[in-house]
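Everything below concerns the one structure shown next.
The values are calculated or read from the model by the stated rules, or taken from the named source; none is laboratory data. On a predicted model such as this, the values are computed, not experimentally measured, just so you know. With ideal geometry, Cβ positions are generated from the backbone for all residues, glycine too; neighbour counts draw on all protein chains shown. What goes into the accessible areas is simple: the full protein's heavy atoms, side chains included, and nothing from ligands, DNA or RNA. Shrake-Rupley method; radii C 1.70, N 1.55, O 1.52, S 1.80 Å.
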Amino acid sequence: MSNDSLLGRVVRLVPLSVGHAEALFPSASDPEVWQWMPRPRPGSLEEMQAMISQILTDRARRCFAVQRLTDEAVIGSTSLYELDLADCRTEIGATWFDRSCWGGPYNAESKLLLFGYAFNDLGLARVALRTDNLNVRPQQALTRLGLVYEGTLRSHMTRQDGTRRDSLYYRVLADEWPTLRDKLLTRVTAKDTV
């Protein structure tokens, strides 16, 4: 894991540590925030610390805490995972934000920073995102941004309630990144001025 932070206009992505558990626990323990996450919702600060410790052991992940620049509050988390430098690909996910930050510029700029890191710094050829088939809001947002829907993995994962989830896959290739970058910049600027 790199120790580098990724700095934007409204957020800074800082390498995730167990020390972020206390700041992240209120949003992660919110059932509405955690509804579509595939891992169980942490029920205590100790469970949050254990979850962060466990994901930080995965060498194919780059995990970040999202810090709002105006007050330096930690408002969420996001990751690159299944990072394969040899095959030049990764996925973006394990993303959540405090509900008070929904609809603002924070998620869009976090994606902008992660895509930029993946394509510009790591030199990757492909970045994918996946979502639960029932989670319609991100599907619509990904389509609006121009990500390409590639297909559905049926019965891909088990949801927290024990039902089987279909995962919808979207992707961006390196030559598509400049167009996506411009759309994300426009989105961040528009949401930051509202």
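Say R0 is 25 Å: what FRET efficiency, to the nearest 0.05, do Trp36 and Leu85 get from their beta-carbon distance? So the FRET efficiency works out to roughly 0.35.
Within the listed set Val66, Val127, Val18, the residue fluctuating most in the Gaussian network model of the chain (springs between alpha-carbon atoms under 10 angstrom) is Val18.
Here the spin labels are modelled as points 7 Å beyond Cα on the Cα-Cβ line, and at Ser53 and Leu134 they lie 3.2 nm apart.
Name the residue, out of Ser110, Ser79, Ser167, whose mean-square fluctuation peaks in a Gaussian network model built on the chain with Cα pairs under 10 Å. In this elastic network of the chain, the residue with the biggest mean-square fluctuation among Ser110, Ser79, Ser167 is Ser167.
Restriction of the chymotrypsin sites (Phe, Trp or Tyr not before Pro) in the range 82-120 to DSSP coil positions whose beta-carbon has at most 14 other beta-carbons within 10 angstrom yields Trp102.
Just the number, please: carbon plus sulfur as a percent of the accessible area of the range 1-154, 1.4 Å probe, no ligands or DNA/RNA counted. Before the final figure, lay out each step's value.
Details: 3580 of 7430 Å².
Carbon-and-sulfur percentage of accessible area, whole number: 48.
According to the square roots a ≥ b ≥ c of the eigenvalues of the Cα gyration tensor, what is the shape class of the chain, taking rounded for a/c under 1.5, prolate for a/b larger than b/c otherwise, and oblate for the remainder? Verdict is rounded for the chain. Taking the centroid of alpha carbons for each part, the range 116-166 and the range 50-108 are 14 Å apart. Rank Leu168, Leu85, Leu114 by mean-square fluctuation in a GNM of the chain with C-alpha springs under 10 angstrom and give only the top-ranked residue. For the chain, modelled as a Gaussian network with Cα springs under 10 Å, the answer is Leu85.
Given a Förster distance of 22 angstrom, what is the FRET efficiency for Ser5 paired with Asp182, based on the Cβ-Cβ distance and rounded to 0.05?
Working: r = 24 Å, r/R0 = 1.07.
Given R0 = 22 Å and the Cβ-Cβ separation, E is 0.40.
Using the Cα centre of the range 60-182 as the reference point, and only Cβ charges (+1 on K/R, -1 on D/E), how large is the resulting charge dipole? Debye, rounded to the nearest 20. Don't jump to the answer; show the numbers that get you there.
Values: 16 positive and 16 negative charges, 78 e Å.
It works out to roughly 380 debye.
A 1.4 Å probe run over the protein chains yields, for the chain, 50 Å² of accessible area per residue, whole-number rounding. In the chain, Cα pairs under 8 Å separated by at least six residues give a relative contact order of 20 percent. The relative contact order of the range 49-132 comes to 24 percent, based on Cα pairs under 8 Å that sit 6 or more residues apart.
If you sort Arg159, Arg39 by accessible surface, 1.4 Å probe, largest first, the order is Arg39, Arg159.
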